[in-house]
Amino acid sequence: MYHVYLLRSNTYNKRLYIGFTSRKINERIKDHNYGKVNATRLHRPWKLIYLETYVSESDARERKDVEAIW
């Protein structure tokens, strides 16, 4: 399964982050909150506010690209 997700920073001006992963979503969010992801390290903690799951990697990547336009 492939996940496209939206995180919101609880501390930094409600900053948003759009991500993509094939890992378990809970593990990936822990990576963000433990500072293991360079792009989100400075704005911890993060909260999952939206999630979509796909069988196809290409569908998930396409959706992530569309969301990034927001």
Requested in this report: Could you tell me which residue of segment 1-25 is farthest from P45 (Cα to Cα), considering only residues that are of a type in the set (S, T, N, Q) and surrounded by fewer than 14 Cβ atoms within 10 Å (Cβ to Cβ)?
Outcome: S22
Query raised in the report: Is it the case that segment 29-50 has a residue that's at positive phi and touching a helix residue (DSSP H, G or I) at 6+ places or on another chain (Cβ under 7 Å)?
Result: yes
Requested in this report: Pull up segment 32-48, narrow it to residues that are exposed (fewer than 15 other Cβ atoms within 10 Å of the Cβ) and charged (D, E, K, R), then point me to the one that is farthest from S9 (Cα to Cα).
Outcome: K36
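Which residues, taken from segment 19-29, are more than 16 Å from R8 (Cβ to Cβ) and at pLDDT 95 or above?
T21, S22, R23, K24, N26, E27
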Report summary line: Pairing a residue in segment 16-32 that is over 17 Å from D59 (Cα atoms) with any residue that is at pLDDT 95 or above and among the aliphatic types (A, V, I, L, M), where Cβ atoms lie under 6 Å and the two sit 6 or more apart in sequence or on different chains, gives Y17/L7; I29/L48; D31/V37
Query raised in the report: Here is a list of conditions, (1) in contact with a helix residue (DSSP H, G or I) (Cβ under 9 Å, 6 or more places away or on another chain); (2) surrounded by 14 or more Cβ atoms within 10 Å (Cβ to Cβ), and K64 meets all of them except one; can you say which number that is?
Result: (1)
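The values are calculated or read from the model by the stated rules, or taken from the named source; none is laboratory data. The structure presented is a predicted model; accordingly, all values stated were derived computationally and were not measured. Glycine gets a Cβ as well: all are built from the backbone with ideal geometry, and neighbour counts include every protein chain shown.
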